[in-house]
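Student: If you scroll down you'll find the structure; I have some questions about it.
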Amino acid sequence: MFEGALRHGPVPVAVDREGHEAGGDGARCSAGPAEQAGEIAWTPDGGRVAFIVNGYQLRLFDAPHRRATSAPMSLIEPDGFPSSRIARGVTFSANGAAVTFDDCRARHSGCKPAFVAIKR
């Protein structure tokens, strides 16, 4: 269903400005060599999937239709490229209305818990 979704590591793919795969149906989420999807999380019911791009941006897709369900949103405000802080351990809440994650420094130890509500 989602090409590369079970593969470990980055999944680089070209997309247009709306987040849809160039020449495709939007099933992939990252935009070219400057962006990498490092984590994947599913809602408990399997209806939505989220990709963490470049360590801080959430890209959310409706699984049955393989379409982006919202504009990309930053879990952590980037302070440059690459950002010195990244989101790790992303999980959906039981009802899929929020994600929890660890806000971590990219190259050092030390994380703090965080969460973001998701527009349904």
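Student: Please identify the pairs in which a residue from region 48-71 that is over 22 Å from residue 86 (Cα atoms) and free of Cβ contacts under 8 Å to residues at least 40 places away in the same chain has its Cβ atom under 6 Å from the Cβ atom of a residue that is of a type outside the set (Gly, Ala, Ser) and part of a loop (DSSP other than H, G, I, E, B), counting only partners at least 6 apart or on another chain.
Tutor: As it stands, the answer is 62/69, since those pairs meet every condition given.
Student: Taking residue 84, is it at pLDDT 85 or above, surrounded by fewer than 16 Cβ atoms within 10 Å (Cβ to Cβ) and under 14 Å from the mean Cα position of the chain (by Cα)? Outline the logic, then answer.
Tutor: On the way: at pLDDT 85 or above: yes; surrounded by fewer than 16 Cβ atoms within 10 Å (Cβ to Cβ): yes; under 14 Å from the mean Cα position of the chain (by Cα): no.
It is false that residue 84 is at pLDDT 85 or above, surrounded by fewer than 16 Cβ atoms within 10 Å (Cβ to Cβ) and under 14 Å from the mean Cα position of the chain (by Cα).
Student: Under 9 Å between Cβ atoms, which residue pairs at least 6 apart in sequence (or on different chains) link something in region 31-44 that is crowded, with 18+ Cβ neighbours inside 10 Å with a partner that is in a strand (DSSP E or B) and modelled with pLDDT under 85?
Tutor: From residues that are crowded, with 18+ Cβ neighbours inside 10 Å, the pairs are 31/15; 35/15.
Student: Scan region 98-120 for residues that are free of Cβ contacts under 8 Å to residues at least 24 places away in the same chain and closer than 14 Å to residue 41 by Cβ and jot them down. Talk me through it step by step, then tell me what you get.
Tutor: First, pick out the residues of region 98-120 that are free of Cβ contacts under 8 Å to residues at least 24 places away in the same chain: 98, 100, 102, 104-105, 107-113, 115, 117.
Those that are free of Cβ contacts under 8 Å to residues at least 24 places away in the same chain and closer than 14 Å to residue 41 by Cβ: 98, 100, 102, 115.
Student: Of all residues being in a strand (DSSP E or B) and of a type in the set (Phe, Trp, Tyr) in region 45-62, which is surrounded by the most Cβ atoms within 10 Å (Cβ to Cβ)? Just the residue, please.
Tutor: Going through region 45-62, the residues in a strand (DSSP E or B) turn out to be 48-53, 57-62.
Checking which are of a type in the set (Phe, Trp, Tyr) leaves us with 51, 61.
On the way: 51: 25, 61: 23.
Only one residue tops the list, namely 51.
Student: Inside region 63-73, can you point out the residues that are outside any loop (DSSP other than H, G, I, E, B) and at pLDDT 85 or above?
Tutor: Kept after step one, since they are outside any loop (DSSP other than H, G, I, E, B), are these residues of region 63-73: 67-68, 73.
Across region 63-73, the qualifying residue is only 73.
The values are calculated or read from the model by the stated rules, or taken from the named source; none is laboratory data. What you are looking at is a predicted structure, and each value in this text was computed from that prediction instead of being measured. Every residue, glycine as well, gets a Cβ built from its backbone with ideal geometry; the counts of neighbours run over all protein chains shown.
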